[in-house]
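Notes follow once the structure below has been shown.
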Amino acid sequence: QMGAAQIGAGQMGAVQIGVAAQMVALQGIAQGKGFHIPPRFQVQVPPIIDNPEEKAAVVARVKAFQKASAYNKEYWHNHCAKLGSNNFDPARYDCAYLTTFLSSID
């Protein structure tokens with residue numbers, strides 16, 4: 001496993017954001033199933049502001065990946081579903097999430 005010293009600052013930010021996104025997704029799943037999570041245990045994630053040009057380029061890459069084949073489209077859908085999301089529009093995700101996805105397929 002990689003430690004914090006072995007990955008760059010930008011990657012560490014993406015890792016932290018990814019973990020926070022997973023926590024928020026799990027929190028949403030638990031609440032959707034009727035579990036009550038006391039406020040002191042709820043994950044609060046500040047909104048992420050992406051560079052619009054960078055985000056457009058990353059979204060275009062994910063969309064091109066999906067359009068390349070039915071398998072690729074299913075792979076993207078499965079990736080989203082791992083976090084408990086049924087939202088498959090890449091434009092609705094932040095750059096860190098999309099970049100992590102693209103890194104997994106390169």
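The values are calculated or read from the model by the stated rules, or taken from the named source; none is laboratory data. Being a predicted model, the structure only gives us computed values, none of them experimental. FYI the Cβ positions are ideal-geometry reconstructions off the backbone, even for glycines, and counts take in every protein chain you see.
Just one of the numbered conditions (1) touching a His at 6+ places or on another chain (Cβ under 9 Å); (2) modelled with pLDDT of 90 or more is not true of ALA30: (2). May I ask you to say which residue of PHE101, PHE88, PHE65 is outside any helix (DSSP H, G or I), modelled with pLDDT of 90 or more and surrounded by 12 or more Cβ atoms within 10 Å (Cβ to Cβ)? It is PHE88.
Every residue, every condition in (1) at negative phi; (2) in contact with a strand residue (DSSP E or B) (Cβ under 8 Å, 6 or more places away or on another chain); (3) in contact (Cβ under 8 Å) with a residue 40 or more places away in the chain; (4) not aromatic (Phe, Trp, Tyr), yes or no:
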position	(1), (2), (3), (4)
GLU54	yes, no, yes, yes
GLN66	yes, no, no, yes
TYR71	yes, no, no, no
TRP76	yes, no, no, no
GLY84	no, no, yes, yes
TYR93	yes, no, no, no
